[in-house]
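Values quoted throughout were computed directly from the atomic coordinates according to the rules given, and no laboratory measurement underlies them. Keep in mind the model is a prediction, meaning the values are calculated, not measured. Because the Cβ atoms are built from the backbone with ideal geometry, glycine has one as well, and the counts that use them run over all protein chains shown.
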Amino acid sequence: MSGPPVLRARMAGRLYGRRRSGRPTRLTAVGTGVAALAATITVAGLDRLVLGGLGPLFGIGFLLICFQLAVRVRYADLLAAPISGPIAFAAALLLFGPVTSSGVTAQVVALATNLATRAGWLFSGTGLAAAIVLARFVAQRRIHRAR
């Protein structure tokens, strides 16, 4: 870009500002963890509020969250997507899962029970994220080798 600095700044604003379309913004590893935690806890709270417990809405929401994380994470931070999903899943179960009695031992037993009964959703979301991350890694390596 040539011209006065003001004109260059305006042109750069159009290119890199809100009007820019194309690839979505990429998440860093920390951003992926924060997004996973916030979205999973939100879905769990919504499911608890609407349906009274953690059911299929939580599982489907978790699958969508894992998909979005795997698609939006930066190439340099690909491993964060399959790791942050299960951590957020466990945190949501700690906050919204049913606990029959009080105490640390009861919390640990309830978490283990909830993870075991919802293992299908957990493994599906983690597997989905891992498959997408692996496909992105292989595609990027092929593109890099072709250059």
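Give the long-range amide H neighbours of LEU27: residues separated by 5 or more places, or on another chain, with amide H under 5 Å away, using H modelled in the peptide plane at 1.01 Å from N.
Sorted by chain and number, the residues that satisfy this are VAL73, ARG74.
What does the net charge come to around ALA81 if you take all other residues with beta carbon closer than 12 Å to its beta carbon, with K and R at +1 and D and E at -1?
+3
Report the gain in length on full extension from THR28 to ILE60: 0.36 nm times residue separation, minus Cα-Cα distance, nm rounded to one decimal.
On the way: separation 32, 0.36 × 32 = 11.52 nm, distance 2.40 nm.
So the extension gain works out to 9.1 nm.
FRET efficiency for SER102 and LEU79, Cβ-Cβ distance as r, R0 = 41 Å, nearest 0.05?
Values: r = 37 Å, r/R0 = 0.90.
Result of the calculation: an efficiency of 0.65.
Mind running the shape call on segment 42-87? Use the C-alpha gyration tensor, a ≥ b ≥ c as the square roots of the eigenvalues: rounded below 1.5 for a/c, prolate if a/b tops b/c, oblate otherwise. Write out the running numbers ahead of the final one.
Details: a/c = 3.56, a/b = 3.01, b/c = 1.18.
Taking the square roots of the gyration eigenvalues as a ≥ b ≥ c, segment 42-87 is prolate.
Under the classification rounded if a/c is under 1.5, otherwise prolate if a/b is larger than b/c and oblate if not, where does segment 45-147 fall, given a ≥ b ≥ c as square roots of the Cα gyration tensor eigenvalues?
It is prolate, given that a/c is not under 1.5 and a/b is the larger ratio.
When only Cα pairs under 8 Å and 6 or more residues apart are kept, what is the percent relative contact order across segment 36-147? Can you show the working numbers first?
On the way: 119 pairs, mean separation 37.7, N = 112.
The normalised contact order for segment 36-147 reaches 34 percent.
Report the Stokes-Einstein translational diffusion coefficient (µm² s⁻¹, integer) for segment 99-143, Rh taken as the Kirkwood radius over Cα pairs, at 4 °C with viscosity 1.567 mPa s.
101
So, counting K/R as plus one and D/E as minus one, what does the shell of residues with Cβ under 15 Å around LEU134 add up to? Walk me through the intermediate numbers first.
Values: positive: ARG136, ARG141, ARG142; negative: ASP77.
Summing Lys and Arg as +1 and Asp and Glu as -1 gives +2.
Using 0.36 nm per residue of separation minus the Cα-Cα distance, give me the extension gain between LEU49 and VAL109 in nm, one decimal.
Using 0.36 nm per residue and subtracting the Cα-Cα distance, I get 19.2 nm.
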